[in-house]
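Only the coordinates and a few stated rules stand behind these numbers; no lab work does. Since this is a predicted model, take the numbers as computed values, not measurements. Backbone-built Cβ (ideal geometry, glycine too); neighbour counts: all protein chains shown.
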Amino acid sequence: MKKLISLLGLVAIGITTGCGGSGSTTQTTAVSGVVADGYLNGAEVFLDKNGNYQWDAGEPKTTTGPGGTYTLMVPAADAAKYPVVCRAIAGTTIDEDTGTTVSGSYVMSAPAGATDFVSPMSTLIREKMAANSGMTMTDAMTQLRNQLNMPTGVSMLGNYVAGSQGGANAAPYQAMRTTARQMAGLMAGQAALVMNGSSVNVNRYRGMMGTINTNMPAIYANATSGSGMNSPFMTSMQNLMQTQLAAMPMSGGFMNFSGMFRNMTSHQYFWNYSGGQMLPGKMM
């Protein structure tokens, strides 16, 4: 039985500017990548220098093109220092998997310096690391791989859209792609509680991602079994998240969500056998 767990490529370029007869040289870097649930065309991408998940004046920003591609010009010193954040915009951003605009806005990100492929998977890896200062990227990727019951060698930061289109590892990447779509559906379903236009309530966002994290094996099982967003499990997930997020204050200091992102990398924490069938477990 599926279990529902509650909430409680860098190129340096020199640019010379002058002022009052004097000049200074600022090294900038092109940070390029791809954004996907399916590939997202017309999504906002920016370097989030203050960690609030929303674009602020002075932060480099661009819009994705066909295939979800983007390029940001950022100060070289900032390229590996701050995460890239993507905002899929309801009614504007096109999901190339469906050829239609997304019905709800949602935000994704990637760990600083690992911005080649921004997706729900990279988002969760970043949240794991942000919630636990001692968690390395390797730890976070291993934990997510085990949560999704993936074989060693599958890159959890890899382009699962391209990977699912053929080759020896097509099956696991297709499973990642299907699971990522349902993760994005959960995120978009909470837009009214998490977002206000382009603004993001950081605590509610992290609480939402924490609930997704603790339920990842069951989300994966739902997605890969052919069950959709209207399955009893996903309906329960949406209802649980709405109740929990609505109860969280809109203001106040940052809350501690480390308990929802524990640094556990053993496969046995997330899956167990019952009657010879592997079933999703829970984080302990």
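Some points to look at:
- Packing order of peptides 243-253, 31-41, highest average first: 31-41, 243-253 (average count of other Cβ atoms within 10 Å over each peptide's residues).
- Near PHE261, once Lys and Arg are set to +1 and Asp and Glu to -1 for all other residues with Cβ below 13 Å from its Cβ, the sum equals +2.
- Förster radius 25 Å - calculated FRET efficiency between GLU96 and ASN263, Cβ distance, rounded to 0.05: 0.10
- Partners for LYS61 among aspartates and glutamates (Cα-Cα distance below 17 Å; same-chain residues under 8 apart left out): GLU44, ASP48, ASP78, ASP116
- Taking the charge dipole of the range 35-261 about its Cα centre, with +1 at Lys and Arg Cβ atoms and -1 at Asp and Glu Cβ atoms, the residue from GLN242, GLY67, SER164 reaching farthest to the positive side is GLN242.
- Ranked by how many other beta carbons lie within 10 Å on average, peptides 50-56, 258-264 from highest: 258-264, 50-56
- Euclidean distance between Cα centres, the range 108-139 to the range 171-220, Å: 14
- In a reduced charge model with +1 at each Lys and Arg Cβ and -1 at each Asp and Glu Cβ, the range 35-261 shows a dipole moment near 320 debye about its Cα centre.
- Near THR92, the amide H atoms lying under 5 Å from its own belong to VAL102; only residues 5 or more places off or on other chains count, and H is placed 1.01 Å from N.
- Shown is the FRET efficiency for ALA57 and ASN256, computed with R0 = 22 Å from the Cβ-Cβ distance and rounded to the nearest 0.05: 0.15.
- Per-residue 3J(HN,Hα) values for the range 100-112, derived from phi via the Karplus relation 6.51 cos²θ - 1.76 cosθ + 1.60 with θ = phi - 60°, read 10, 6, 5, 7, x, 6, 7, 10, 10, 7, 8, x, 3 Hz in sequence order (x marks Gly and Pro).
- Residue-span extension gain [ASN196 to ALA170] - 0.36 nm each, minus C-alpha spacing: 5.6 nm
- Here the calculated FRET efficiency for GLN242 and ALA162, from their Cβ-Cβ distance with R0 = 25 Å, stands at 0.15, rounded to the nearest 0.05.
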